[in-house]
Amino acid sequence: MKNSFGNHLNVTLFGESHGEEIGVVMDGLAPGIHLDMDFINAMMDKRKAKGRISTQRKEGDEIHIVSGYFNGYTTGTPLTILIHNTNTRSGDYEKTKNRLRPSHADYTAEAKYLGYQDYRGGGHFSGRLTAPIVAAGAIAMQVLNEKKGILIGSHIAECHGIKDTLFSSNESTLVSEIEKMNASDFAVLDKDIAEQMHRHIEEAANMGDSVGGILESVILHMPVGVGEPFFDSIESRLSHLLFSVPAVKGVEFGLGFDFANHYGSEVNDAIIYDQKEHRVKTATNHNGGINGGISNGMPICIRTVIKPTPSIYKEQDTIDKETHEAVKLQIEGRHDPAIIHRARIVVDAVLALGILDLLMERDATLSMFNRT
């Protein structure tokens, strides 16, 4: 029953959607890190449901740090964050508990946990569990920015066919774009496109349906030489975390699947030396900042596919898990017509956790030989 991730920074997730509390334990944080609670709460606010384009289940998501934190600083011992569930309506799930919801984890959870799982609201498989992930990720983001100058940001590159402007390839412009997205509740670069996406999500909600999309993420100012070849490449470590986010069904780095449409001469990144910055760079960044599983100093570029929310109000076909008879399912409760705008801060959070773990691994290795 594996609910932990990380080698030097170990993160353990626990709780259920309709349980009393959900939370996360971070083990491996150094002592003496000052936590900016305003920043952490601001990141939590980005994940909250807002308006008609989100679920009407409103949670305060007030975080309670109950260990590993004293007088404003980390102590170096395991840091435990608790978040109370305060707005559950478990009765919504009682009438249909035997009817397996299409594209949910109802059937697979039943098989794994032998029927003992908490099925209410999706239990441990619910997107509700992303709240403590964001809290932990916010701490990781703060450390990365303050200690390494690393910035992480995402925007909605596409929502059900409606496409936003892509992030700039110019690194100085990219800084302002990331900062703009991190200050936004609905992370879209083009204001007009944001309005179109809003309307489209509301239309899906009116139809009792849902939509998905694609997030474009960038990790900026990543040091050179971080990562491992083969099994612990940056791609494999970050993909591991990204695929742990509910609704993520695809991940690509750099050009990703578009590499298949080009000659090598078109997509090889020429190596140059920047006299002004005094560093090796590449003229283009088709490989998304990674070669051989190791960072090359260019921005790490990632695209993540978020599927449409499986909880829809349209009538669906399924079976009764007790009788195995074909039945119709009409769900009740409060559900998101789209989760991509909320998922983007979760994606940022897991990227921060993964990068911090990789950097801690790198720094531990170098410190053995008094190298930087």
Using only alpha carbons, build the gyration tensor for region 289-372 and give me the equivalent ellipsoid semi-axes, biggest first, whole Å.
45, 16, 12
Just round it to a whole percent: the fraction of Cα-Cα distances in region 37-176 exceeding 18 Å.
70 percent
Hey, if you put +1 on the Cβ of every Lys and Arg and -1 on every Asp and Glu Cβ in region 114-197, which of ILE150, SER176, ALA194 ends up farthest toward the positive end of that dipole?
ILE150
If you count only protein heavy atoms with a 1.4 Å probe, what accessible area per residue comes out for region 137-193, rounded to a whole Å²?
44 Å²
Using DSSP H assignments, which helices in the chain have an axial alpha-carbon span of 24 Å or above and a mean Kyte-Doolittle hydropathy of 0.5 or higher?
130-148, 340-367
Could you work out the relative contact order of the chain, using alpha carbon pairs under 8 angstrom and six or more residues apart, expressed as a whole percent?
22 percent
Viscosity 1.306 mPa s, temperature 10 °C: give me the Stokes-Einstein translational D for the chain in µm²/s, with Rh taken as the Kirkwood radius over C-alpha pairs.
73 µm²/s
Highest-first arrangement of 294-305, 125-136, 39-50, where packing means the average Cβ count within 10 Å:
125-136, 294-305, 39-50
Using the Cα centre as the reference, give the magnitude of the dipole from point charges on the C-beta atoms of region 253-326 (Lys, Arg: +1; Asp, Glu: -1; all else neutral), rounded to the nearest 20 debye.
520 debye
Rounded percent of accessible protein surface that carbon and sulfur make up, the chain, 1.4 Å probe
53 percent
Taking the Kirkwood radius as the inverse of the mean 1/r across Cα pairs, report the Rg/Rh of region 194-334.
1.15
In the chain, taking the dipole from +1 charges on Lys and Arg beta carbons and -1 charges on Asp and Glu beta carbons about the Cα centre, the listed residue (GLY23, THR309, LEU220) farthest towards the positive end is GLY23
Find which of PRO229, ILE162, THR96 sits farthest along the positive direction of the dipole of the chain, computed with +1 on the beta-carbon of Lys and Arg, -1 on that of Asp and Glu, about the Cα centre.
THR96
Sort 192-203, 216-227, 105-116 by packing, meaning the average of other beta carbons within 10 Å per residue, with the highest value first.
216-227, 192-203, 105-116
Tell me, what is the percent relative contact order of region 105-176, built from C-alpha pairs under 8 Å that lie six or more residues apart?
13 percent
Quick one: work out Rg over Rh on the C-alpha atoms of region 206-274, Rh as Kirkwood radius.
1.06
Report relative contact order for region 170-267 in percent, whole number only (criteria: Cα-Cα under 8 Å, sequence separation at least 6).
12 percent
Under 17 Å Cα to Cα from LYS95, which lysines show up? Leave out anything in the same chain fewer than 8 places away.
LYS314, LYS321, LYS328
In debye, nearest 20: dipole of the chain around its Cα centre with unit charges on the Cβ of K, R (+) and D, E (-)?
240 debye
Sorted by mean Cβ packing within 10 Å, highest first, what order do the peptides 11-21, 344-354, 278-288 take?
344-354, 11-21, 278-288
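The values are calculated or read from the model by the stated rules, or taken from the named source; none is laboratory data. The shown structure was predicted, so the numbers you read here are calculated from the model rather than taken from an experiment. Every residue, glycine among them, receives a Cβ derived from its backbone with ideal geometry; neighbour counts consider all protein chains shown. SASA here: full protein model, heavy atoms, side chains in, ligands and nucleic acids out. Shrake-Rupley method; radii C 1.70, N 1.55, O 1.52, S 1.80 Å.
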